[in-house]
Amino acid sequence: MEATPLVVNGILYMVQGDEVVALDAVTGRKFWTFTYEVPPESNAYLMVVKGLAISGNTLFWPTYDGHLIAIDATSGRAIWNKTMFDWREGLQYNVAPLIIKNMVVLGTADNERGRIVG
């Protein structure tokens, strides 16, 4: 686990592998779990996810395989799921997103396979 949890109004949001969870920050009681199945073949080495961002009531999760998913922080349901790049090109997300005003800022990195050009 390499992600830093977010705590907002007593709720702890955390991501690990292929799921996001919302917990009571004091008791540890689970409110919800959101699971997105990352294709196993996209996992170059270890499925490392560095974190989430939150704006208002929306969590933003950049998945290992190049999706950006907006999740309702109250219900744990997906609002939308967009493919940002094709992991087959040798890219991955390995940073937490940054919210600046109404933008989600993310950068890609080469994975252990390296960037495939051509």
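Observations on the model:
Condition check ((1) assigned to a strand (DSSP E or B); (2) open to solvent by 20 Å² or more (accessible area, probe 1.4 Å); (3) in contact with a Ser or Thr (Cβ under 6 Å, 6 or more places away or on another chain)) across all residues:
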| site | (1), (2), (3) |
| --- | --- |
| 26 | no, yes, no |
| 34 | yes, yes, no |
| 37 | no, yes, no |
| 59 | yes, no, no |
| 65 | no, no, yes |
| 69 | yes, no, no |
| 75 | no, yes, no |
| 81 | yes, yes, no |
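- Pair list, Cβ under 8 Å, 6 or more apart: the stretch 24-39 residue in contact (Cβ under 8 Å) with a residue 24 or more places away in the chain and over 13 Å from residue 7 (Cβ atoms), other residue part of a loop (DSSP other than H, G, I, E, B) and of a type in the set (Ser, Thr, Tyr): 32/75; 36/63; 38/63; 38/64
- Residue count, the stretch 65-118 (criterion: of a type in the set (S, T, N, Q), within 18 Å of residue 14 (Cα to Cα) and modelled with pLDDT under 90): 1
The values are calculated or read from the model by the stated rules, or taken from the named source; none is laboratory data. Predicted model only: the values in this text are computed from it and were never measured. Quick reminder, even Gly has a Cβ in these numbers, built from the backbone with ideal geometry, and neighbours come from all protein chains shown. Surface accessibility is based on the protein's heavy atoms, side chains included, excluding ligands, DNA and RNA. Shrake-Rupley method; radii C 1.70, N 1.55, O 1.52, S 1.80 Å.
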